[in-house]
Amino acid sequence: MTEPSHAVFLSYASQDADAAQKICDALRAAGIEVFLDQSELRGGDAWDQKIRREIHDCALFIPLISANTVLRHEGYFRLEWDLADQRTHMIARNRAFVVPVCVDATPESSADTPESFQRVQWTRLPGGETSPAFVERIKRLLSPELSPLSAVSGTTPGLSEPARTVWRSKPALLAIVAAVVCLAYLVAERFWISRHAGAFLGDTESRATSEPPPAAFNPPPHSIAVLSFVNMSGDKEQEYFSDGLTEELLNSLARINQLQVAARTSSFSFKGKDTDIGTIARKLNVDAVLEGSVRRSGQTVRITAQLINGVTGFHLWSQTYDRDLGDVLKLQTDIANAVASALKVTLLGDVAPKIELGGTHNPAAFDAYLRASKLFDTAHDGKDCQAAIAVYSDAIRLDPNYALAFAGRSSAYAGYAVAYATGLGIREGFDKAQTDAQQAIALAPELAEAHLALAYFFENGSLDFVRATQEFERALALAPGNARVLRRYGLFAVAIIGRSDAGIAAVRRGVELDPLNAASHYTLSSVFFAARHYQQALAAADEAVALDPDEPFYYANRGLDYYALGNFQAARTSCEIKPYDWSNQWCLAMTYDKLGRHADAEAAVVKVEASLGDAAAYQYAEIYAQWGDAPRALEWLETALRVRDPGLAALKLDSLLDPLRKEPRFQAIERALKFPN
């Protein structure tokens, strides 16, 4: 259960904490609920979902303005202000929402505050000394007749229900407000992202202002989530095995077209948490939940599994299996058949060929494959990626016909080439990725993972977009319920070849299957960029940040959303949160220039060069195009073409390059890339 949000959100710079506390105390003494973000939330983990929810749900937002806020262009209060400023667009202008309070002599004309803060009259409370008149004013503003929430939610004035309660009764509307306010293979997706264009400029779209109430929990029939099976081996080092075995079982179920299976990242997000099955089912919108345990001893394994109805909480089926590791493929088939039977799914033919496709009966090879997948899934640098490649190679050595291992190693080689390799190492990595993907297809022609790996190579390694399209479409046809395939296909379809409707639909489907995965929402944000639906892009970007606040690129992505919307201060604020990552410096190089901070913009470019050197040729072209320096931008684009920079895949629709599109040199590069019509 989450705590209810408060009527008033008090936002302040840390230097004004004493004044904020005085105002808070005075309001609370009058019975007004106040949210005052203090020490336990400020710092590295401050900007989390609680803060966002409080701002989304509060009836009044009180920003404390002072010389401290004027002089400081960074800090969490700036992020709070940006969210509040965005929310004002959802509220009728004759309704109060933001109540600015100045605690010193800062003049309104010199304050660096959002425009919405300047439209309303300020209250001056020197040092936070709060007058009774101010308290009475806040009470009046919180009355149902004057509440800004009544205007948004359609509440009838005069009702006795508190405004904030009315607001919380509309979670679907909250989602809209949140939207406005603002890779095993997930790593590979992050690699692709890191070298491709991140923002597209153009017309903005209008904001939605209302949504119907949420429907009762009614998940799709034959929908299921597979929770991470508990490791009962008594050895934490075996965690990769229980997780990997669970994922293989999840993938087996996903190959049954009659089932809708929640993706791994969302299902595994509940690992180690004491969350009841009903809550999990609702969060993942599934009809049933499969959970269990794994106990491994040498070459034998005991698996206990139970299937639970997500709506009623009743057990549908349970079974314990004792098997040799070499019999794991047959075990996956047995469990999948049992689950399908318990869910009353009519199977179309024998599912075993689909489930066991590309697998191995070699216990040591299977173990190596699981370890490699774990390494790749958690890779944070080039060494981690190389380690995964080495263990995939062990699996292939132990079973030269292991198609899934070839597909996995292909993705790892390509991911390394995109994100970490330099010079000749880039070409070498892509060549090996192509060889492995083709070998996987030769061994298992119907293996979606193999076609996805080959599509990734054609997209990034050879910039052959026609063949990439063919392979993506083949992977999607083979695995229409695979969230990773849906994300990768959708991003390619929209951002690279401009097939917006099909691509957006695919990515939306991926979000449905993997709703708690930050990569799902990031990809949705990316396709909205390319389709030029910028408010929706910002909403999805904010979801990605909320789900994974440690990923630097998500802040850069959100910053570029703001940049595309012309909100350069908000772009700067977002990109400065994780300034050590090159992606945020890339964002800042363009944003600082728009803010007139040209020296800082030049310094940001230097930092990108220090991180990536010439490997960021495409990004330099974007920066110089935005600076209005067409000659330097075109030089870097020609360099990118010469070295086959993967970023060029985004050139056709990358609006950061719009200033160059009439240049003959740009048009020659676009023709050379041979984008599909």
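Laboratory data are not the source of any read-out in this text; all were calculated from the coordinates shown. Owing to the predicted nature of the structure, the values given are computational and were not obtained by experimental measurement. Ideal geometry is used to build each Cβ from the backbone, glycine not excepted, and the neighbour counts take in all protein chains shown.
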Lysines within cross-link reach of Lys139: Cα-Cα under 22 Å, excluding same-chain residues under 8 positions apart? Lys22
Could you work out how much longer the chain between Ser318 and Ala630 gets when fully extended? Use 0.36 nm per residue separation minus the Cα distance between them, nm to one decimal. 105.8 nm
Gln118 versus Thr300, label points 7 Å from Cα toward the beta carbon: distance in nm? 7.6 nm
Simple label model, 7 Å out from Cα along Cβ direction - Ser143 to Leu347, nm: 6.8 nm
Please order Thr113, Thr320 by the number of other Cβ within 10 Å, starting at the fewest. Thr320, Thr113
Förster-model FRET efficiency, 45 Å R0, Glu638 and Thr275, C-beta, rounded to 0.05: 0.25
Restricting to lysines 8 or more places apart or on different chains, can you count the pairs in segment 550-677 with Cα atoms under 19 Å from each other? 5
Straight-line reach check, Lys432, cutoff 19 Å on alpha carbons, 8 or more apart in-chain or any other chain, hits among lysines -> Lys383
Any chance you could run the full-extension gain for Val311 through Glu237? It's 0.36 nm times the residue separation minus the Cα-Cα distance, nm to one decimal. 23.1 nm
Within segment 286-315, list the residues whose amide N lies under 16 Å from a label point set 7 Å along Cα→Cβ of Asn218. 286-287, 311
Applying the gyration tensor rule to the Cα atoms of segment 223-357 (axes a ≥ b ≥ c; rounded if a/c under 1.5, else prolate if a/b exceeds b/c, else oblate), the class is oblate
Computed FRET efficiency, Cβ-Cβ of Asp600 and Arg661, R0 22 Å: what is it to the nearest 0.05? 0.20
Taking a crude spin-label model, label points 7 Å out from Cα along the C-beta direction, the Asp431 to Ala672 distance in nm is 2.1 nm
